[in-house]
Amino acid sequence: MQYAEQLTVSLRWWVQGTMLVATLWFTIAVAIPSILAAALISLGFAVLVAGGLLLYGSARITVGNGELRAGRAHIALDLVGTAEPLDAEGTRRVAGVDADARAYLLLRPYLKRSVRIEITDPRDPAPYWLVSTRRPDKLVAALSAVTAE
C-alpha cells in the first residue's frame, strides 16, 4: 500500500454533535417530567448522531495493489493521468465555477484541500476525480510514483 487515508470528521463536528444532543436532552427534560425518559430519548439520538458522523467519516483513499480507491469508486492505476494538488481556493474553483458535471467528487466540507486526478480511460465518462484529502502532496507523490513505474 503506497498511500492510505481515512477522511474522518473533525473534532469540531463531534463537539457540535455533542452540543446538539445536550440541547435535545435539555429540551426533552423540560417538556417531559421523567428524567429517565429524557435520558433514553437523548441516548438514542446520540447513537444516531455518532453513527452518522462515523459513517460520513468512513470514506477512505488508498493507492496500492494496482488501483486507486476513493470512497466507493476505484480505478486501475494505468488509467490514471496526472494528479494536481489543490489548495483551498483551487478546490473551491474546481468544485464550483470550473467544475465539470461528469467528474467524480469525493469532497468533505471539513477538508479544504484536494487533489484533481485526471482519468485517461476513454470509456469512463468522468474526465477527472476531485478528492478531498488532508495530505494532497503525499497523495500526488504516491500516484506519481506508481504511474511512473
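What the table below lists for this structure:
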read-out	value
Unique residue being of a type outside the set (A, V, I, L, M), closer than 19 Å to Arg72 by Cα and assigned to a strand (DSSP E or B) when the list is Arg134, Arg116, Arg102, Arg108	Arg116
Some residue of segment 38-59 being touching a residue at least 60 places away in the same chain (Cβ under 8 Å) and not small (Gly, Ala, Ser)	no
Test set (1) in contact (Cβ under 8 Å) with a residue 60 or more places away in the chain; (2) part of a helix (DSSP H, G or I) - Val9 fails condition number	(2)
Cβ pairs under 9 Å, 6+ apart, first in segment 14-25 and surrounded by 14 or more Cβ atoms within 10 Å (Cβ to Cβ), second assigned to a helix (DSSP H, G or I) and among the aromatic types (Phe, Trp, Tyr)	Val21/Phe45; Leu24/Phe45; Trp25/Phe45
Residue that is farthest from Pro122 (Cα to Cα), among those in segment 36-87 that are polar (S, T, N, Q) and not in a helix (DSSP H, G or I)	Ser58
Close pairs from segment 92-118: first touching a residue at least 40 places away in the same chain (Cβ under 8 Å), partner acidic (Asp, Glu) and surrounded by 12 or more Cβ atoms within 10 Å (Cβ to Cβ), Cβ under 9 Å, at least 6 apart	Ile117/Glu84
Residue match in segment 131-142 (condition: among the hydrophobic types (A, V, I, L, M, F, W, C), more than 23 Å from Met1 (Cβ to Cβ) and in contact (Cβ under 8 Å) with a residue 12 or more places away in the chain)	no
Hits in segment 12-63 - residues which are among the β-branched types (Val, Ile, Thr) and under 24 Å from Arg135 (Cβ atoms)	Val15, Ile61, Thr62, Val63
Residue satisfying condition, being among the polar types (S, T, N, Q) and at pLDDT 95 or above, within set Thr8, Thr27	Thr8
Filter pass, Leu36 being modelled with pLDDT of 95 or more, in the same structural domain as Met19 (by TED's automatic domain parsing) and surrounded by fewer than 14 Cβ atoms within 10 Å (Cβ to Cβ)	no
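The values are calculated or read from the model by the stated rules, or taken from the named source; none is laboratory data. Everything quoted here is computed from the prediction, not taken from an experiment. Because the Cβ atoms are built from the backbone with ideal geometry, glycine has one as well, and the counts that use them run over all protein chains shown.
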